[in-house]
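A.B. asks: Got a structure for you, written out below as structure tokens; questions coming shortly.
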Amino acid sequence: MQRSLILLKPDCVQRRLMGAIISRFEEKGFNIIAMKMLNVTPELSKQHYAEHVEKPFYPALESFITGAPVVAMIIEGLEAVGVIREMLGATNGLKAAAGTIRGDFSSSRQMNLVHASDSPESAAREIALYFNENELCGYTPTLTPWFKADDE
């Protein structure tokens with residue numbers, strides 16, 4: 001089982017697409033084991049996007065991510081990191097395939113609705129920025145046997 005940090009970004013919250021996007025993850029069979037709404041501070045933004053802080057586009061990115069609340073989630077499941085990134089589609093919503101979250105709902109490179117961890121290592125780092133261990137609520141849904149074979 002892998003975990004990924006998901007952020008429903010300010011544009012997702014403002015456009016009231018949270019439920020539609022959460023449903024996609026649930027319908028795929030992933031478990032949401034933690035979720036909360038919060039305002040990203042400039043300090044948290046700098047930690048989260050540390051690799052971009054010195055880049056020319058960072059001030060606009062920080063202004064965007066701190067401009068309205070986000071919903072942070074930890075999603076758990078088989079090959080979660082890669083599958084979720086495929087579900088999101090290309091970063092630029094105009095280039096994302098139809099049927100992906102960004103392809104269906106986004107028309108922007110920056111306002112692309114959702115952040116998802118890009119590797120298990122990034123997921124562990126990002127999860128630690130947004131959640132304490134005591135905020136995680138792992139569980140096994142009764143439907144699990146209908147999502148995957150016992151040997152997967």
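The values are calculated or read from the model by the stated rules, or taken from the named source; none is laboratory data. Predicted model only: the values in this text are computed from it and were never measured. Positions of Cβ are generated from backbone atoms using ideal geometry, with glycine treated the same way; all protein chains shown enter the neighbour counts.
A.B. asks: Mind listing whichever residues of segment 105-143 are assigned to a loop (DSSP other than H, G, I, E, B), within 13 Å of the chain's Cα centre (by Cα) and closer than 22 Å to Ala68 by Cβ? Show your work before the answer.
C.D. replies: Going residue by residue through segment 105-143, those that are assigned to a loop (DSSP other than H, G, I, E, B) are 106-113, 117-119, 131-132, 136-143.
If we keep only those that are within 13 Å of the chain's Cα centre (by Cα) too, we end up with 112-113, 117-119.
Hits for segment 105-143 are Asn112, Leu113, Ser117.
A.B. asks: Still on this structure, please answer the following. Go through (1) surrounded by fewer than 16 Cβ atoms within 10 Å (Cβ to Cβ); (2) over 19 Å from Val13 (Cβ atoms) and name the single condition Gly77 misses.
C.D. replies: (1)
The rows are residues; the columns are (1) surrounded by 11 or more Cβ atoms within 10 Å (Cβ to Cβ); (2) modelled with pLDDT under 95; (3) closer than 23 Å to Glu133 by Cβ.
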| residue | (1), (2), (3) |
| --- | --- |
| Gly19 | no, no, no |
| Arg24 | yes, no, no |
| Lys36 | yes, no, yes |
| His48 | yes, no, yes |
| Glu54 | no, no, no |
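A.B. asks: Just name the residue that is nearest to Ser4 (Cα to Cα) out of those in segment 86-111 that are in contact (Cβ under 8 Å) with a residue 60 or more places away in the chain, of a type outside the set (Phe, Trp, Tyr) and surrounded by fewer than 23 Cβ atoms within 10 Å (Cβ to Cβ).
C.D. replies: Restricting to residues being in contact (Cβ under 8 Å) with a residue 60 or more places away in the chain, of a type outside the set (Phe, Trp, Tyr) and surrounded by fewer than 23 Cβ atoms within 10 Å (Cβ to Cβ), the top hit is Met87.
A.B. asks: Hey, another quick one. Could you check segment 43-56 and list, in sequence order, the residues that are without any contact (Cβ under 8 Å) to a residue 12 or more places away in the chain and either touching a Ser or Thr at 6+ places or on another chain (Cβ under 8 Å) or in a loop (DSSP other than H, G, I, E, B) (or both)? Quick ask: steps written out before the conclusion?
C.D. replies: Step one: list which residues in segment 43-56 are without any contact (Cβ under 8 Å) to a residue 12 or more places away in the chain, which gives 43, 50-56.
Result: Val53, Glu54, Lys55, Pro56.
A.B. asks: Could you tell me whether Leu94 is touching an Asp or Glu at 6+ places or on another chain (Cβ under 8 Å) and either modelled with pLDDT of 95 or more or not polar (S, T, N, Q) (or both)? Full working, then the answer.
C.D. replies: Numbers: touching an Asp or Glu at 6+ places or on another chain (Cβ under 8 Å): no; either modelled with pLDDT of 95 or more or not polar (S, T, N, Q) (or both): yes.
So Leu94 does not fit the description; no.
A.B. asks: Then there is this: Within segment 1-12, which residues are buried (at least 17 other Cβ atoms within 10 Å of the Cβ) and either of a type outside the set (D, E, K, R) or assigned to a strand (DSSP E or B) (or both)? Step through it out loud before you land on a result.
C.D. replies: Taking segment 1-12 as the starting set, the residues that turn out to be buried (at least 17 other Cβ atoms within 10 Å of the Cβ) are 2-12.
Passing the criteria: Gln2, Arg3, Ser4, Leu5, Ile6, Leu7, Leu8, Pro10, Cys12.
A.B. asks: Quick one: how many residues across segment 13-42 are in a helix (DSSP H, G or I) and either over 17 Å from Thr100 (Cα atoms) or in contact with a strand residue (DSSP E or B) (Cβ under 8 Å, 6 or more places away or on another chain) (or both)?
C.D. replies: Our first condition is that a residue be in a helix (DSSP H, G or I); within segment 13-42, this holds for 13-14, 18-28, 42.
Remaining after also requiring either over 17 Å from Thr100 (Cα atoms) or in contact with a strand residue (DSSP E or B) (Cβ under 8 Å, 6 or more places away or on another chain) (or both): 13-14, 18, 21-22, 25-26, 28, 42.
Of the residues in segment 13-42, 9 are in a helix (DSSP H, G or I) and either over 17 Å from Thr100 (Cα atoms) or in contact with a strand residue (DSSP E or B) (Cβ under 8 Å, 6 or more places away or on another chain) (or both).
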